[in-house]
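Take a look at the structure set out below.
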Amino acid sequence: MTTLQHWINNANYSGDDRTGNIYNPATGEVARQVALASKATTEAAIAAAHAAFPGWRDTSLARRTAIMFRFRELLTERKGELAAIITAEHGKVLDDALGEVARGLEVVELACNAPYLLKGEFSENASTGVDVKSMRQPVGVAAIISPFNFPAMVPLWFFPVAIASGNTVVLKPSEKDPSAANWMAELFAEAGLPEGVLNVVHGDKESVDTLLHDDRVASLSFVGSTPIAQYVYSTGTANSKRVQAFGGAKNHMLVLPDADLDLAADMAVNAGFGAAGERCMAISVVVALEPIADELVAKIAERSNTLRVGDGTRGCDMGPLITGEHRDKVAGYIEAGIDAGATLALDGRTGTTDADGNGFFLHPTIFDHVSTDMSIYTDEIFGPVLSVVRVNSFNEGIELINASKYGNGTAIFTNDGGAARRFEHEIQVGMVGVNVPIPVPVGYHSFGGWKASLFGDQHAYGPEGFKFFTRNKVVTKRWLDPSHGGINLGFPQND
C-alpha cells in the first residue's frame, strides 16, 4: 500500500513515522495511507517557504503572471484527472467534482489579473513638491488549512491569490482526502513555479499548532467548523498573525407562497443533497410559509425519493459521506430528530445503493414540523438531512433566519420583487440568493459569511482576497530642487 508524502521544495518529502488511512468512501476500503507531519516536518515546510519568499517577492509581476497563466492552462487541460482524484477520496459524483474544479479555476483566472488588482495609488504634489503613493506588498509566508469537503476548490480560493501577490505558501489539506493538494502543487511546479513557493504538509493538530505558533508564518487562512475556526482565529491573532477563519453554517431557504414551487422543490433537493450535504453552503433548512408547506414538502420528498445513491463513478446522483464515523454521526442526528418529535417525511437510513463493498452511505432524509430548539435545527449536521420549519408570515421567516448564530448563506424563493428586495436589505447573512439556492459568489467577487460563520475582517478571493494577502504601504517623498533655499528648521507645513 502506497503512502502519500508531503511536498516541499517541489519534491516529495518523507521522514514521518505516523500515518493515517485514506479511504474510498464508496467501498469503505482503505485505498492508501498518508504521512502525518511532525512538528519538525511542518517546520521544514515553513523554512522552505520562508527561504523562497525574498526571491518570489522580487519576481516581476510579468513573470508571476506568466506562470499563473500556464498553471491555468494545465489545470484546464487536465481537470478530469483532478476530478477523478476528488471522487475517489471524497466520494462526490464526477460531475460535481468537475464543477468543483471549474469554480476553483475562476479564482486562478482572477489571479491572472494580479497586475491590475495589485496597483497602488498616486497623488502628485500633495504638498508643494511632495508626492504621495501607496503600494500593496506581500505579507510573507501564508499558511492555508483546508477542509475535506472541497479538496480542490477551497485551496484554490487561497493559494493562487497568495502566490500571485508575491507570497509563499504552506498548505495543509484535510488528511481525509489529501491527494488533490499534492496533484495541484506538482502541476504548479510543472507550470514553472520555483521551489519553496508552494509546499504541502499533511497532518493533524500537531501540524496545525505548529503553523499557528511559528513566527515565520505571517498569515493563516482556515475553513472548517466554527469551534475550530474560533480556536484558529484566537490562537493565530494572539501570535500576531493575520487570520481569516471561515466557520460553520446553517443555511436557510425561505419559500413564499407566490414562488414557483416546482423550481423551489428542485433547488431544495439540489442544494440540500448535493455532495451528500457536505457543503458549507448547503441548504439545510427550508423555511416554508404555512399555506404552501404541505405541497412543498410533498414535492421535495417526491423528488428526493428518485435520487440514485451510490459510487460517484457510476453516474449516480449522490455519493457517500467522507467516513464511516461521520456517516454514523449523521445517522445519530436522524435518531435525535425522531426523538425530539419532528415528522420524518423521508428516512435516509434505508434504500438501495449502487456500489460495491460497504461504503459510507446515507440516503436523503427530510424532517417536517421542525422547531428551533431541536438539534437537527441548531447544529450543522453536514450530511443529507433537510429540515422544514413552518412559519406564518414573511416577517416571521426573516426573524427566524436572523436569530441564527450563523450567517453564511441564505436564499429566498419568490416572484415578488419587493419582497426579495426587502429580504436582501434586512437579512443578516453574508451571501444571499434570490431564486438561487447556493449563492457562492463568482471569482471576481468575494466569499464569506457573517456572525459565527467568519472570524476575521477579509473574505476569500475576489478583491478582499488580494487585500488579505498584501499590506498597504504609503510613501511620501520629495526630490529637492537644487535651488531649494537652504536649511529651514521650522516644523514642516502643508503649504
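The values are calculated or read from the model by the stated rules, or taken from the named source; none is laboratory data. All of these numbers come straight from a predicted model, not from anything done at the bench. Methodologically, a virtual Cβ is constructed for each residue, glycine included, from the backbone with ideal geometry; neighbour enumeration extends over all protein chains shown. With ligands, DNA and RNA removed, areas are computed over all heavy atoms of the protein, side chains included. Shrake-Rupley method; radii C 1.70, N 1.55, O 1.52, S 1.80 Å.
Secondary-structure-derived ellipticity at 222 nm for the chain, considering helices only, amounts to -12000 deg cm²/dmol, per-run term -39500 (n - 2.57) for DSSP H runs with n ≥ 4. For the chain, the relative contact order works out to 19 percent when only alpha carbon pairs closer than 8 Å and six or more residues apart are counted. Overall, the stretch 28-163 carries a charge dipole of about 300 debye about its Cα centre when +1 sits on the Cβ of Lys and Arg and -1 on the Cβ of Asp and Glu, all other atoms neutral. Counting only protein heavy atoms, what percent of the accessible surface of the chain is carbon or sulfur at a 1.4 Å probe? Solvent-exposed carbon and sulfur of the chain make up 49 percent of the total. The phi torsions of the stretch 302-309, fed into the Karplus equation with coefficients 6.51, -1.76 and 1.60 and a -60° offset, translate into couplings of 4, 5, 5, 6, 9, 5, 8, 10 Hz, rounded to whole numbers, with Gly and Pro shown as x.
Semi-axes of the equivalent ellipsoid for the chain, computed as √(5λ) from the eigenvalues of its C-alpha gyration tensor and ordered from largest down, come to 43, 30, 19 Å.
Here's the list of lysines a cross-link from residue 39 could span, going by alpha-carbon distance under 22 Å and ignoring same-chain residues fewer than 8 apart: 172, 176, 205, 241. Dividing the alpha-carbon radius of gyration of the stretch 369-428 by the rule-of-thumb value 2.2 N^0.38 Å gives 1.19.
Defining a contact as two alpha carbons under 8 Å apart and six or more residues distant in sequence, what relative contact order in percent does the stretch 305-364 show?
43 percent
Here the stretch 80-140 has an Rg and Dmax of 21.2, 65 Å, counting Cα atoms alone. Which shape class applies to the stretch 199-296: rounded if a/c is under 1.5, otherwise prolate when a/b exceeds b/c and oblate if not, where a ≥ b ≥ c are the square roots of the Cα gyration tensor eigenvalues? Prolate. Amide H neighbours of residue 289 under 5 Å, counting only residues 5+ apart in sequence or on other chains, H built in-plane at 1.01 Å? Close amide H contacts, sequence-distant or interchain: 255, 391.
Rg/Rh for the stretch 153-231 stands at 0.94; both radii use Cα atoms, and Rh follows the Kirkwood definition.
Which shape class applies to the stretch 244-306: rounded if a/c is under 1.5, otherwise prolate when a/b exceeds b/c and oblate if not, where a ≥ b ≥ c are the square roots of the Cα gyration tensor eigenvalues? Cα axes put the stretch 244-306 in the oblate bin. Give the long-range amide H neighbours of residue 166: residues separated by 5 or more places, or on another chain, with amide H under 5 Å away, using H modelled in the peptide plane at 1.01 Å from N. Placed amide hydrogens put nothing under 5 Å from residue 166. In terms of the mean number of neighbouring beta-carbon atoms within 10 Å, the peptides 380-390, 263-273 order highest first as 380-390, 263-273. Of all DSSP beta bridges confined to the chain, the antiparallel ones make up roughly 40%. 3J(HN,Hα) along the stretch 353-361, derived from phi through the Karplus expression 6.51 cos²θ - 1.76 cosθ + 1.60 where θ = phi - 60°, amounts to 10, 8, 6, 9, x, 10, x, 9, 9 Hz, with x in place of Gly and Pro. Average accessible surface for the chain: 41 Å² per residue, computed with a 1.4 Å probe over protein heavy atoms with every protein chain in place.
Taking the square roots of five times each eigenvalue of the Cα gyration tensor of the stretch 253-408, the equivalent ellipsoid has semi-axes of 26, 17, 13 Å, listed largest first.
Pairs of Cα atoms nearer than 8 Å and 6+ residues apart set the relative contact order; for the stretch 116-157 it is 26 percent.
Put simply, the amide H of residue 130, placed in the peptide plane, has neighbours under 5 Å in 125, leaving out anything fewer than 5 places away on its chain.
At full extension, residue 474 and residue 435 could sit 9.7 nm farther apart than now, given 0.36 nm per residue minus the alpha carbon distance.
Convex hull volume of the Cα atoms of the stretch 344-495, normalised per residue: 278 Å³.
Provide the percentage of antiparallel DSSP beta bridges, counting only those with both residues in the stretch 1-69; round to the nearest 5.
About 80 percent, rounded to the nearest 5.
Semi-axis lengths, largest first, of the ellipsoid equivalent to the stretch 275-344 are 24, 18, 11 Å, with √(5λ) applied to each eigenvalue of the Cα gyration tensor.
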